[in-house]
């Protein structure tokens, strides 16, 4: 009887250790979350071309106040290269087709997003709710998850190192971020003419909880 109890206790302790390991491993962003289809933010244009192949077309635009060359692909995904540095600075994807790490896709629940990426406050930006995660040691590399304001399920996903507002742009400029060292902006009009269609904007930003 004592032997059986000892075995049972050992098994219980083992299961608790395994569960603790799983819990510790869950709920945290990793480097992979700041990449898209094998290409990482900060990779060179040549790496993008090698991994993604030929685009349908490309265009030069001002995006979030930075001059970029945006490649548009057959699957409707886009990758933008900073003209100044030649580095990948932004990915946008078609959420009807795209699947991120651990089966994160359009419609993923609040529970699953927390399980994969960890908990963070929602930010209410321009009438939409976002979860914004940053890469460790790379404060301007962001995973932006647009979520439903009611139940928190995933609506859209974007991976970017472009500034999302003037405050971040000022911080990047102060740090000497090279993507900002070219006359990419209209000095009189700030963010005038910027393509804001895919990124959140900075007016009336409020930090919100999960509404539990």
Legend entry - Per-pair calculated FRET efficiency, R0 = 30 Å: residue 37 and residue 111 via Cβ, rounded to 0.05: 0.70
Inset, instruction - Return P(r) of segment 42-94 (all Cα-Cα pairs; 10 Å bins starting at 0; whole %; ordered from short to long distances). - result: 27, 61, 11
Inset, instruction - Just report the Cα centroid separation between segment 134-172 and segment 28-63, whole Å. - result: 16
Legend entry - Kirkwood hydrodynamic radius over Cα pairs of segment 97-140, then Stokes diffusion coefficient at 4 °C and 1.567 mPa s, in µm²/s: 108
Inset, instruction - Would you please give the FRET efficiency between residue 102 and residue 60, computed as 1/(1 + (r/R0)^6) with r the Cβ-Cβ distance and R0 = 30 Å, to the nearest 0.05? - result: 0.25
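Which whole number in µm²/s is D for segment 52-127 by Stokes-Einstein, with the Kirkwood Rh taken over Cα pairs at 25 °C and 0.890 mPa s?
167
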Inset, instruction - Would you mind getting me the FRET efficiency between residue 30 and residue 174? Use the beta-carbon distance for r and R0 = 41 Å, nearest 0.05. - result: 0.90
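Read-outs: derived from the displayed coordinates by stated rules, not from any lab. Worth saying up front: this structure is predicted, and the values here are computed from it rather than measured. Neighbour counts run over all protein chains shown; Cβ positions are idealised from the backbone, glycine included.
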